[in-house]
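Written out below as structure tokens is the structure these notes cover.
Please treat every number below as a calculation from the coordinates, not as lab data. Just so it is clear, the structure is predicted and the values come from calculations on it, not from any experiment. For neighbour counting, all protein chains shown are included, and Cβ atoms are generated from backbone atoms with ideal geometry for every residue, glycine included.
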Amino acid sequence: MQLTNPNSIIKIRFDGFLSCLIIEKPRVIDWPDFGGSVARYYLNLPYSKPEIESLKAIEEKLSSIRSIQELKDAGFLNLLETGEYDIELWEDKPADLRFNNNLANSNEIIHRWQKEIIGTHRSSKPFPIESFYPYGRQLMFTRPFETLDLERVKHYENLIQSGERPLAITIRVKNVEQKDEDSDQNYEDNTCKYILDGHHKLVAYKNLKINPSYFVISRLNRGLTDKFDESYLPHLNDYLFYYQIEHIVTNCLEIIHKAPGTTKYIDEILQNAPRIEDSMVRMIYRNVLDYYQTDPVKRNWFKDRLNVLINRINTRGLEIYLYDWRARNYMLEYKHVRSWGELVGLLSLE
């Protein structure tokens, strides 16, 4: 199904590493650990009170939808951005709900206060990032759990117990077909399924230990030369803490499509960040080595980034965050370096 909606408010982006759901502004961000674990990190970003009221209005409009045709007739698809979509109705399907209960990320007041206190860079120890293991069928909350109305959950519990099966609505990016949607979740090619509507319904199903029924809307990228979107990371500075950006950048650069916007963003970090993790330096450095990075285009890209880093250190110095994974708190120290040669010796790069 091809949709053309120039004034859409719902968008979803996937660069092969990070996925982001946008409902007027970023709402949910999800990315893999890539640190020797299959775990994924997940952030629900805060809603303001007016935005919560808007969600309630949408939920009321969609509460009685029973079919794909009714979903179309309700005008919901007009909220989706232009693109190719597939819509499926999954009935009585097991699902694992995932929600973010880290209030530093999901509560509007706490999130704003933390951003002001920490600033853009100066966290001596990172705050926890919500994580999960991507097994089974994951349905990801797109609003903080604390914003749910427990009376409304009870309302849906009563409906379900009476035999009704209210439908939730989810969305994802799907680049490839999965062999077994019931168990095989290919997160390297497809995103998690994000809940657009029906949080209360799904919690009610979970409380009653009944498999939910829900729509799965898939934005399709089939047939494209580059199947992944350009990274949405450059648009997330206002929403992420710096330590979260550090973690994403350090883990994703070897994987994502290196588009111009992403390249500019990385260079700005290398030029302006007051500190950089030693793991980021090591990652850039190893990718300029012929025996490690065999793709000459990628190798040249990393050489350019290394030159940006070297110039920054030699002209202004840089604070390096050194890790000691054997230490009890695993973070060892900051070390200020004033030349590339000093850093090479410090990290034993040669």
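Give, rounded to the nearest 20 debye, the magnitude of the charge dipole that the chain has about its Cα centre when Lys and Arg contribute +1 at Cβ and Asp and Glu contribute -1 at Cβ.
Roughly 680 debye, rounded to the nearest 20.
Along segment 4-9, what does the Karplus equation 6.51 cos²θ - 1.76 cosθ + 1.60 (θ = phi - 60°) give for ³J(HN,Hα), rounded to whole Hz, x for Gly and Pro?
Along segment 4-9, the couplings run 10, 9, x, 10, 5, 10 Hz.
For segment 269-278, what does the Karplus curve 6.51 cos²θ - 1.76 cosθ + 1.60, with θ = phi - 60°, yield as ³J(HN,Hα) per residue in whole Hz, taken in order and with x for Gly and Pro?
5, 4, 7, 10, 5, x, 9, 9, 5, 4
Using the Karplus equation 6.51 cos²θ - 1.76 cosθ + 1.60 (θ = phi - 60°), what ³J(HN,Hα) coupling, rounded to whole Hz, does each residue of segment 53-58 give in order, writing x for Gly and Pro?
5, 5, 4, 4, 5, 5
GNM, the chain, Cα, under 10 Å: largest mean-square fluctuation among G136, G75, G317?
Highest fluctuation of the listed residues: G75.
For a test of the definition: using alpha carbon positions, the gyration tensor, and the 1.5 limit on a/c, classify segment 233-347 as rounded, prolate or oblate.
Rounded, because the longest to shortest axis ratio a/c is under 1.5.
When the chain is treated as a GNM, springs tying every alpha-carbon pair under 10 Å, which of G163, G16, G198 comes out with the largest mean-square fluctuation?
G163
Please name whichever of T147, S213, G75 sits farthest to the positive end of the charge dipole of the chain, dipole taken about the Cα centre and charges placed at Cβ: Lys and Arg +1, Asp and Glu -1.
Positive-most Cα among the choices belongs to T147.
With the cut-off at 23 Å, tell me which of the pairs K11/K258; K264/K335; K49/K209; K11/K209; K25/K193 have Cα atoms farther apart than that.
K264/K335; K49/K209; K11/K209
What percent do you get for the relative contact order of the chain when only Cα pairs under 8 Å and 6+ apart count?
Relative contact order here is 18 percent.
Taking amide H positions as placed in the peptide plane 1.01 Å from N, state which residues far from R275 in sequence (5 or more) or on other chains have amide H under 5 Å from it.
Those lying under 5 Å, H to H, from R275: there are none.
Taking the structure as given and computing semi-axes √(5λ) of the Cα gyration tensor in Å, which label from [x] 43, 23, 16; [y] 40, 22, 18; [z] 32, 29, 14 fits?
Here semi-axes √(5λ) of the Cα gyration tensor in Å agrees with entry [y].
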